[in-house]
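Below is one structure, written out as structure tokens; comments come after it.
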Amino acid sequence: MISKFTCLHTARLAARYPLRRTYATASSDFVRIVEVGPRDGLQNEKQSIPVATKIELVNRLAQTGLKTIEAGSFVSPKWTPQMANSSQILEHVLASPPTAPHPITYQWLLPNVKGLDNFLSVWEAKAVGQNGYPTPPPSPDSEATAGTDGGAAGANVHELSIFTAATETFTQKNTNCSIAESLQRFEPIMARAKEVGLNVRAYISVALGCPYEGPNVDPHQVAELAVSLLEMGADEISVADTTGMGTAPKTAELLKTLSAAGIEKNDLALHFHDTYGQALVNTLVSLEHGIRTFDSAVAGLGGCPFSPGATGNVASEDLIHCFHSLGLKTGVDIEKLSGVGEWISYEIGRSNESRAGKATMAQIKKREA
Ligand code: HMG
Ligand code: MG
């Protein structure tokens, strides 16, 4: 049993040596941000956003130092009309790669072979003609390998994202099939992706709470799915708290369960929506477990049309401000990113949900006054 003396002793030591416990030394001091604003951030907006605005968003994000951007999705326009013009965004990124300080990995979400065919019809016509099949993407946990050579836009990489969910009801609502059927749909996608040299990331939605089946999603179900997806050939699993129902203890339990199932921390990304304001707390718990890839959306944009009541992704600016305060590196210029957050919020008539973004903009305005 821990005595009162031991607790006090530990507390005094912590006060005397506050810098002994740092996240930066836990495994790597680089954290990879997957900016999902152009896809997850915009897909739920009710009014139609002009494709020029979406392209401008991708262009501006590319200039901030972000290394991975999910730029659109190839889903049924009947289900998610806002994403209907993603092929135009892909065409733009391939034909006129956004100016960026380094090569960027662009990710494209799709649920089935039809989505893959639509993606490939653009990608094969443009990318293969120009550059040949893409080179393998950077290792998720290393800044050095993530393309800091200031290299040509031709070195950009494209990846696919597929998605299933930890509960049957959410899977039905989001993709009109069972979990088992969603896995069957992925097999030909995975095979074709490997043939053409595209990496595939796989999302597991509602991992910490489901809008239809409640907050207590079985972490073992998430672990089983993650193992199946990795065995099938997924290059990364993004574990998604779609509803924002995740809490610190639930996040810790889920990560322990994933680890006990043999899933390496380097194979995982965490994707927090911030409905209950717990995303940063859950991020810190994940950092302590050694996770070094996190999804977020500029200005806290976002939401899933099939997750009623859930709000946006954790804001990229908030996440990055938090990481930098811990001595971790992201490679992102938070001032530039905050400017992008302010711009896109204005463009789509939405309030900027990033507190760090708004505070950073206030500092910039004060400095320039
Ligand atoms: P379905 O209605 O069962 O599909 O939907 P279907 O095969 O019967 O086809 C119906 C019609 O859609 C047909 O057109 C197909 O051609 C067309 P019609 O013959 O009637 O004219 N169609 C397509 N069109 C374009 N692209 C496609 C495509 N597929 C079929 N890929 C389906 C099944 C999976 C297609 C549908 O349910 C769907 O598109 N779901 C996606 C919903 C969505 O976009 N959700 C949000 C993204 S996931 C998310 O946000 C969660 C995440 O952020 C992580 C987290 O936070 O949890 C990733
Ligand atoms: Mg999401």
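Only residues that are out of contact with any strand residue (DSSP E or B) (no Cβ under 7 Å at 6 or more places or on another chain), more than 16 Å from ligand 2 (Cβ to nearest atom) and among the hydrophobic types (A, V, I, L, M, F, W, C) were counted across the range 35-61, and they come to 5.
So in the range 272-289, with the set limited to residues that are within 16 Å of ligand 2 (Cβ to nearest atom) and outside any loop (DSSP other than H, G, I, E, B), which one is surrounded by the most Cβ atoms within 10 Å (Cβ to Cβ)? The residue in question is His273. Pairs are defined by a Cβ separation below 6 Å, a sequence spacing of at least 6 or placement on different chains, a first member in the range 31-44 that is touching a residue at least 12 places away in the same chain (Cβ under 8 Å) and outside any helix (DSSP H, G or I), and a second member that is of a type in the set (Asp, Glu) and within 11 Å of ligand 1 (Cβ to nearest atom); the pairs so defined are Val34/Asp295; Val36/Glu70; Val36/Asp295. Across the range 298-315, not a single residue is classified as part of a helix (DSSP H, G or I), among the aromatic types (Phe, Trp, Tyr) and buried (at least 20 other Cβ atoms within 10 Å of the Cβ). For the range 325-347, name all the residues that are surrounded by 18 or more Cβ atoms within 10 Å (Cβ to Cβ) and either outside any helix (DSSP H, G or I) or touching a Phe, Trp or Tyr at 6+ places or on another chain (Cβ under 9 Å) (or both). Those that are surrounded by 18 or more Cβ atoms within 10 Å (Cβ to Cβ) and either outside any helix (DSSP H, G or I) or touching a Phe, Trp or Tyr at 6+ places or on another chain (Cβ under 9 Å) (or both): Leu328, Thr330, Gly331, Val332. The set of residues from the range 59-86 being more than 12 Å from ligand 1 (Cβ to nearest atom), in contact with a Pro (Cβ under 8 Å, 6 or more places away or on another chain) and closer than 25 Å to Val113 by Cα comprises Ile69, Ala71. When Leu270, Leu280, Leu301 are screened for being within 16 Å of ligand 1 (Cβ to nearest atom) and without any contact (Cβ under 8 Å) to a residue 60 or more places away in the chain, only Leu270 passes.
Could you grab me the full set of residues in the range 50-88 that are surrounded by fewer than 18 Cβ atoms within 10 Å (Cβ to Cβ) and under 26 Å from Asp241 (Cβ atoms)? Across the range 50-88, the qualifying residues are Ser76, Trp79, Pro81.
The set of residues from the range 198-239 being in a strand (DSSP E or B) and either away from ligand 1 (no atom under 13 Å from the Cβ) or under 18 Å from Asn266 (Cβ atoms) (or both) comprises Asn199, Val200, Arg201, Ala202, Tyr203, Ile204, Gly214, Glu236, Ile237, Ser238, Val239. Selection of first residues in the range 81-108 that are of a type in the set (Ser, Thr, Tyr) and of second residues that are assigned to a helix (DSSP H, G or I), restricted to Cβ pairs under 7 Å at least 6 apart or on distinct chains, gives the following pairs, ordered by first then second residue: Ser87/Asn118; Ser87/Val122; Thr99/Ala62; Tyr106/Val93.
Looking at Glu231, Glu213, Glu181 in this structure, which one is surrounded by fewer than 17 Cβ atoms within 10 Å (Cβ to Cβ), over 26 Å from Trp79 (Cβ atoms) and either at pLDDT below 95 or among the charged types (D, E, K, R) (or both)?
Glu231
Please verify whether Thr243 is within 16 Å of ligand 2 (Cβ to nearest atom), in contact with a strand residue (DSSP E or B) (Cβ under 7 Å, 6 or more places away or on another chain) and over 20 Å from Thr167 (Cα atoms), treating the condition exactly as stated. No. Selection of the range 248-268 for residues being part of a strand (DSSP E or B) and farther than 17 Å from Gln221 by Cα yields an empty set.
The values are calculated or read from the model by the stated rules, or taken from the named source; none is laboratory data. Everything numeric here is computed off the predicted structure, so don't read it as measured data. Because the Cβ atoms are built from the backbone with ideal geometry, glycine has one as well, and the counts that use them run over all protein chains shown.
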